[in-house]
Amino acid sequence: MLKLYHYWSSVCSQKARLCLTEKNIPYESHHVDLFSFDNYKDWYTKLNPKAVVPTVDHDGRIITESNVILEYLEDAFPQVKLRPDDLYERAQMRLWIYNSEEAAHWNINVCSHSRHAARLAKRNYTREELLTWADSCSNPMVGRRLRKRVEQGVSMEETEDAFAQLEFLLDMMEAKLRGNPWLAGANYSLADIAMAPMINRLEVLSRPEMIGPEKRPAIADWWARVSARPAFKVAFSFANPDARSEEHTSELQSRLHL
């Protein structure tokens, strides 16, 4: 059986889960707790040297990078088609898959900094422990980013830059959806799967009006249709399996007055 290594609320993991669910592909779930730094540990970096999620193990063949995983699943499991036959629509699909990473993912990561910091705070790491974890990461891009976040946080200017770039992307998305029901054209595709987690995350950040019907009605209509799909409801209902232990830790600290 195919194995999926993922984190419950990671937007890139959500892409993979949504694709797997739309295609009715059974998989064995392996939760990688990013806030326990499982992704930095040797057992995981042997699978994914970049120390990021998700990773797919398909009969011993390892596939990494969420957008590569989407296309791999389309090729390996073609029974449910999520890639257009028309070459122009296929190019549009790949453009929006690219946009989901190049234009959306990093900027959403910046805008989500306060949420990430709050989750780290629940684990009660000291500053020195976090810096030690940062320096232990085999991927300098990931490790140095954590070190910078611990030492400097994210500035208001960085946050505003990220939101400005997201506004630009959403303007392009709104224009696209005014003339098409789906991002690649007439049919739901990998393009919609790639962008769905990004819009889902924007909905819970500080400016949900960015995707509201007053400002961007075409995106709001698209989002209502995407989030109503049965596969979406299954893929995005994956709960945090570590929540119970976090709650237990919090309760114990409260009892001990820590």
*Over the chain, calculate the relative contact order: mean separation of alpha carbon pairs under 8 Å at least 6 apart, over the residue count, as a percent.*
24
*Considering Cα pairs under 8 angstrom that are at least six residues apart, work out the relative contact order of segment 114-241 and quote it in whole percent.*
14
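Hydropathy at least -1.0 by Kyte-Doolittle, axial extent at least 27 angstrom from the Cα trace: which helices of the chain, defined as entire DSSP H runs, fit?
Numbers: long enough: 156-179 (35 Å, -0.23).
Going by DSSP H runs, the hits are 156-179.
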*Report, largest value first, the span of the C-alpha coordinates of segment 113-219 along each principal axis, in whole Å.*
52, 27, 23
_Keeping all protein chains in place and using 1.4 angstrom, which order do Lys148, Lys15, Lys46 fall into by accessible surface area, from largest down?_
Lys46, Lys148, Lys15
_Kirkwood hydrodynamic radius, computed over distinct alpha-carbon pairs, for segment 23-99: how many Å, to one decimal?_
14.2
*Ignoring ligands and nucleic acids, what accessible area does Glu157 show with a 1.4 Å probe (Å², nearest 10)?*
140
*Just the accessible area per residue of the chain, please: how many Å² with a 1.4 Å probe?*
51
_I'm a student and want to see the number: the projected area of the Cα convex hull of segment 1-152, averaged over all directions, in nm²._
9.5
*At each listed q (0.08, 0.13, 0.14 Å⁻¹), what is the log10 of I(q)/I(0) that the Debye formula gives for the chain modelled as equal alpha-carbon point scatterers?*
-0.34, -0.90, -1.03
*asked:* What value in Å³ per residue do you get for the convex hull of the alpha-carbon atoms in segment 95-157?
replied: 102
*Dipole size in debye (nearest 20) for segment 1-135 around its Cα centre, Lys and Arg Cβ +1, Asp and Glu Cβ -1?*
380
*Using a Förster distance of 25 Å, how high is the FRET efficiency between Ser155 and Glu128, based on the Cβ-Cβ distance and rounded to 0.05?*
0.60
*asked:* If each DSSP helix of 4+ residues adds -39,500 (n - 2.57) and the sum is divided by the residues in the chain, what number results at 222 nm, nearest 500 deg cm²/dmol?
replied: -17500 deg cm²/dmol
*Over segment 54-114, with every protein chain in place, what whole percent of the accessible area is carbon and sulfur at 1.4 Å, could you tell me?*
53
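Would you mind computing the Rg to Rh ratio of segment 128-174 from its alpha-carbon coordinates, Kirkwood style for Rh?
With Rh from the inverse mean 1/r over Cα pairs, Rg/Rh is 1.20.
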_Order Thr126, Thr132, Thr159 by their accessible area, 1.4 angstrom probe, all chains in place, largest first._
Thr132, Thr126, Thr159
*In segment 186-244, if every C-alpha pair distance is counted and binned at 5 Å from zero, what percent goes to each bin?*
4, 16, 25, 25, 17, 9, 4, 2, 0
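The values are calculated or read from the model by the stated rules, or taken from the named source; none is laboratory data. Predicted model, so just to flag it, every value in this text is computed and none were measured. Methodologically, a virtual Cβ is constructed for each residue, glycine included, from the backbone with ideal geometry; neighbour enumeration extends over all protein chains shown. Only protein heavy atoms, including side chains, enter the accessible area calculation; ligands, DNA and RNA are left aside. Shrake-Rupley method; radii C 1.70, N 1.55, O 1.52, S 1.80 Å.
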